[in-house]
Amino acid sequence: PAAEIMAQRLNLNTPLIAYQGAIIQQDANSKPIWAKYVDKDCALKIIKNLKQRGVHQQVYINDEILVEHDNDIVKAYSKKMETGYRVVENLEVLDLSAVQKILAIDLNPDIAFDVMQKGKEEFKEKMSLTRYTPYFCEFTNPLAHKGAALEFLANYYNIPIEQTMAFGDQNNDITMIKTAGIGVAVGNATEELKKSADFVTKTIAEDGVVYAIEKFVDLGVENVK
């Protein structure tokens with residue numbers, strides 16, 4: 001995943017939370033220490049529904065992006081995220097027992113919104129749906145969110161959750177921001193995320209993450225909230 005690429009660039013050797021919290025693993029080749037996969041029956045229904053609507057979809061299995069059409073959408077996504085992908089003849093016949101997520105993409109934001117609304121109506125508590133750009137709708141296990149993954153890692157390392165800090169910029173970061181001892185929104189974050197944060201730092205371009213870390217190291221966790 002893209003997280004693995006960034007971790008390699010930064011020479012990180014700590015577990016990575018990927019796919020909105022569906023997976024936590026040391027690296028792409030190791031067995032996950034936390035995994036919350038999409039229910040396979042739901043995955044099949046989602047694939048069929050999106051195919052009928054003509055909405056582009058990407059199915060993520062074992063850190064691989066699988067698509068049926070080698071179109072401009074997946075090419076642009078792959079280039080931006082610096083990830084590869086594989087074209088298969090039929091997503092419906094794949095082994096769907098370990099789907100990390102399904103991403104629906106449509107260049108018409110109204111269609112992407114409608115996909116999310118209808119998905120919430122059909123799957124209710126069986127699926128978690130996130131629309132973190134106007135064109136994306138992501139389907140994951142309802143327990144696969146960044147807040148739950150952060151809590152798991154804190155327990156894994158025996159660290160009180162109050163002594164954790166998390167940064168975010170999009171609405172899919174809200175659960176993580178609310179779970180962390182100090183939830184920080186960068187200055188260019190969405191307004192909804194800022195409302196959920198304990199602190200709004202400077203923008204990414206202004207090194208907002210560095211600013212917040214230095215600020216709270218100086219002040220101490222107990223003085224934040």
query: What FRET efficiency comes out for the pair residue 62/residue 204, r = Cβ-Cβ distance, R0 = 25 Å, nearest 0.05?
result: 0.20
task: Just list whichever of 80/202; 40/194; 146/202; 80/124; 48/101 have alpha carbons separated by over 26 Å in the model shown.
output: 40/194; 80/124
Amide N of the range 62-77 lying under 18 Å from the label point, which is placed 7 angstrom from the Cα of residue 48 along Cα→Cβ: none
message: Sequence gap at least 6, Cα distance under 8 Å: using those rules, report the relative contact order of the range 35-149 to the nearest whole percent.
response: 31 percent
- request: May I ask which of 51/126; 31/215; 51/120; 79/120 have a Cα-Cα span longer than 25 Å here?
  value: 31/215; 79/120
Computed [θ] at 222 nm, deg cm²/dmol, the chain (DSSP H ≥ 4; -39,500 (n - 2.57); rounded to nearest 500): -11000 deg cm²/dmol
message: As a test, work out the antiparallel percent of DSSP beta bridges whose residues both lie in the chain, rounded to the nearest 5.
response: 75 percent
- request: Quick one: compute the contact order of the chain, relative version, from alpha carbon pairs under 8 angstrom and 6+ residues apart, as a percent.
  value: 15 percent
statement: With every protein chain kept in place and a 1.4 Å probe, the range 1-147 has an accessible area per residue in Å² of 54 Å²
statement: Env charge @ residue 208, Cβ radius under 15 Å, K,R +1 / D,E -1, value -3
statement: Computed over the chain: longest principal axis from alpha-carbon atoms vs helix 72-81 long axis, angle to nearest 10 degrees, is 20 degrees
- line: For the range 66-128 the mean separation of alpha carbon contacts under 8 Å (6+ apart) over residue count, i.e. relative contact order in percent, is 27 percent
task: Can you send over the carbon and sulfur percentage of the accessible area for the chain, probe radius 1.4 Å, protein chains only?
output: 51 percent
- prompt: residue 5 versus residue 29, label points 7 Å from Cα toward the beta carbon: distance in nm?
  reply: 2.0 nm
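The values are calculated or read from the model by the stated rules, or taken from the named source; none is laboratory data. Predicted model, so just to flag it, every value in this text is computed and none were measured. For neighbour counting, all protein chains shown are included, and Cβ atoms are generated from backbone atoms with ideal geometry for every residue, glycine included. Side chains are part of the model used for accessible areas, which takes the heavy atoms of the whole protein and leaves out ligands, DNA and RNA. Shrake-Rupley method; radii C 1.70, N 1.55, O 1.52, S 1.80 Å.
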